[in-house]
Amino acid sequence: MIAVVAETKDGLARKITLEMLAEARRLADAKGGGLKVGAIVLGPLSPGEADRLASQGADRIFHVEGAALVSYAPEAWAEAVRLAVEKAKPDVLLLGATAHGKDLAPRVSARLRVGLASDCVAFEWGDGGLVARRPIFAGKAFARVAWSAARPQVASVRPNTFTPSAPDPSRKAAVETIALGDVKVRARVVGFEASEGEMADLTEATIIVSGGRAMQGPDNFELLRKLCKVLGATLGASRAAVDAGWIDHSHQVGQTGKVVNPTVYFAIGISGAIQHMAGMSSSKTIVAINKDKDAPIFKIASYGIVGDLYQVVPALTEEFEKALKE
Ligand SMILES: Cc1cc2nc3c(=O)[nH]c(=O)nc-3n(C[C@H](O)[C@H](O)[C@H](O)COP(=O)(O)OP(=O)(O)OC[C@H]3O[C@@H](n4cnc5c(N)ncnc54)[C@H](O)[C@@H]3O)c2cc1C
């Protein structure tokens with residue numbers, strides 16, 4: 001079995017869960033021999049979500065329930081995954097390389113005493129089981145990673161790398177409930193504060209508009225917020241803008257910020273330092289706006305506009321607004 005640790009929010013599966021299910025399904029079908037896909041769900045699940053997980057590729061659902069799972073508590077969640085693994089006996093265990101998964105995956109692999117390949121972007125079957133591909137040296141190179149004989153092979157999966165399958169409502173999954181007993185919890189997440197109201201999370205955004213040092217101050221980010229509003233995009237930033245205090249760190253893209261993988265990434269007044277590109281170079285389409293025609297960002301851009309952002313951005317916003325109205 002290939003098991004996916006479902007990531008949920010308010011009882012609903014997040015996009016990364018559907019992405020992992022799609023890849024797990026593809027791998028299971030490629031391997032053949034009736035290899036199954038399992039979804040491990042921790043804590044509350046909204047009505048209808050089990051059916052949705054089935055329609056997205058799961059054959060079996062392992063739902064761990066317990067008072068300790070109401071909000072994220074590392075010890076309880078790692079123990080819950082261990083219990084589900086004991087029951088499901090998967091060959092492969094996938095978790096999201098999200099803020100949450102980056103905390104959980106190493107704890108799970110340590111508890112299971114097996115190896116972890118983190119932030120993977122591709123998988124294939126090799127002679128000894130799964131082989132993963134993961135970026136190294138801030139995205140400058142890729143490593144192929146294999147595991148020793150211990151099972152399951154645990155991997156975390158970079159968000160926005162795989163595309164969720166079209167749901168197939170005829171697919172059904174058996175749901176098994178597992179009770180989590182008492183777990184000593186020393187730390188627990190007690191609340192979340194949304195950083196920017198209506199915008200999607202950077203790691204889940206389809207379109208990102210990012211600004212750099214050329215924004216010159218917090219006020220000019222309004223230009224980018226307008227463009228975000230028209231496009232339904234999420235606002236990002238370079239570290240230079242964050243370090244200057246113009247925008248919160250939660251918007252930072254790059255090696256010491258978030259790793260993003262949107263369909264379209266606008267890099268506006270951003271030079272393209274290696275540490276910034278480490279967080280966005282795998283975006284499907286990159287649009288760079290920079291007044292320096294030799295800026296390194298143009299080397300990886302799909303489309304480049306050499307010009308002053310203070311002229312280009314308002315003009316683009318106006319044109320997008322017109323085009324999208326039509
Ligand atoms: C350990 C480490 C970790 C780091 N982590 C990160 C990270 O996570 N994310 C990150 O972003 N950086 C990170 N950095 C910093 C990184 O090295 C760069 O300093 C930073 O990315 C530069 O930001 P920038 O492109 O906005 O600024 P700059 O490099 O100063 O570029 C500004 C760009 O704006 C252009 N410009 C100026 N005016 C205009 C205008 N009017 N119109 C159009 N273009 C204009 C300029 O031509 C220039 O290309 C890290 C550095 C280190 C050492």
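The values are calculated or read from the model by the stated rules, or taken from the named source; none is laboratory data. As the structure is a prediction and not an experimental result, all values here were calculated from the model. We place every Cβ from the backbone using ideal geometry, glycine too, and count neighbours over all the protein chains shown. SASA here: full protein model, heavy atoms, side chains in, ligands and nucleic acids out. Shrake-Rupley method; radii C 1.70, N 1.55, O 1.52, S 1.80 Å.
Quick one: Val41 ticks every box in (1) free of Cβ contacts under 8 Å to residues at least 40 places away in the same chain; (2) crowded, with 16+ Cβ neighbours inside 10 Å; (3) part of a helix (DSSP H, G or I) bar one, so which box is it? If we test Val41 against (1) free of Cβ contacts under 8 Å to residues at least 40 places away in the same chain; (2) crowded, with 16+ Cβ neighbours inside 10 Å; (3) part of a helix (DSSP H, G or I), just (3) comes out false. Only one of Ser271, Ser281, Ser250 is near the ligand (Cβ under 9 Å from one of its atoms), out of contact with any His (no Cβ under 6 Å at 6 or more places or on another chain) and polar (S, T, N, Q); which? Result of the check over Ser271, Ser281, Ser250: Ser271. Quick test for you: out of Ala99, Ala150, Ala166, Ala143, pick the one residue that is at negative phi, without any contact (Cβ under 8 Å) to a residue 24 or more places away in the chain and out of contact with any strand residue (DSSP E or B) (no Cβ under 7 Å at 6 or more places or on another chain). Just one listed residue meets the conditions, Ala166. Evaluated against (1) within 14 Å of the ligand (Cβ to nearest atom); (2) buried (at least 24 other Cβ atoms within 10 Å of the Cβ), Pro262 falls short on exactly one condition, (1). Being more than 6 Å from the ligand (Cβ to nearest atom), farther than 21 Å from Thr161 by Cα and aliphatic (A, V, I, L, M) is a property that holds for Ala315. Consider Ala68 carefully, then state whether it is in the same structural domain as Trp125 (by TED's automatic domain parsing), aliphatic (A, V, I, L, M), open to solvent by less than 10 Å² (accessible area, probe 1.4 Å) and touching a residue at least 40 places away in the same chain (Cβ under 8 Å). Criteria not met by Ala68. Please determine whether any residue of the range 14-28 is open to solvent by 10 Å² or more (accessible area, probe 1.4 Å), of a type outside the set (Phe, Trp, Tyr) and more than 20 Å from Asp91 (Cα to Cα). Among the residues of the range 14-28, at least one is open to solvent by 10 Å² or more (accessible area, probe 1.4 Å), of a type outside the set (Phe, Trp, Tyr) and more than 20 Å from Asp91 (Cα to Cα), which makes the answer yes.
Of all residues in the range 280-308, exactly one satisfies the criterion of being basic (Lys, Arg) and either under 22 Å from the mean Cα position of the chain (by Cα) or not assigned by TED's automatic domain parsing to the domain that holds Ser210 (or both), namely Lys284.
Rundown of residues vs (1) touching a helix residue (DSSP H, G or I) at 6+ places or on another chain (Cβ under 8 Å); (2) open to solvent by 50 Å² or more (accessible area, probe 1.4 Å), yes/no style:
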residue	(1), (2)
Phe137	no, yes
Lys140	yes, yes
Ala143	no, no
Val154	yes, no
Thr161	yes, no
Ser165	yes, no
Asp168	yes, yes
Leu180	yes, no
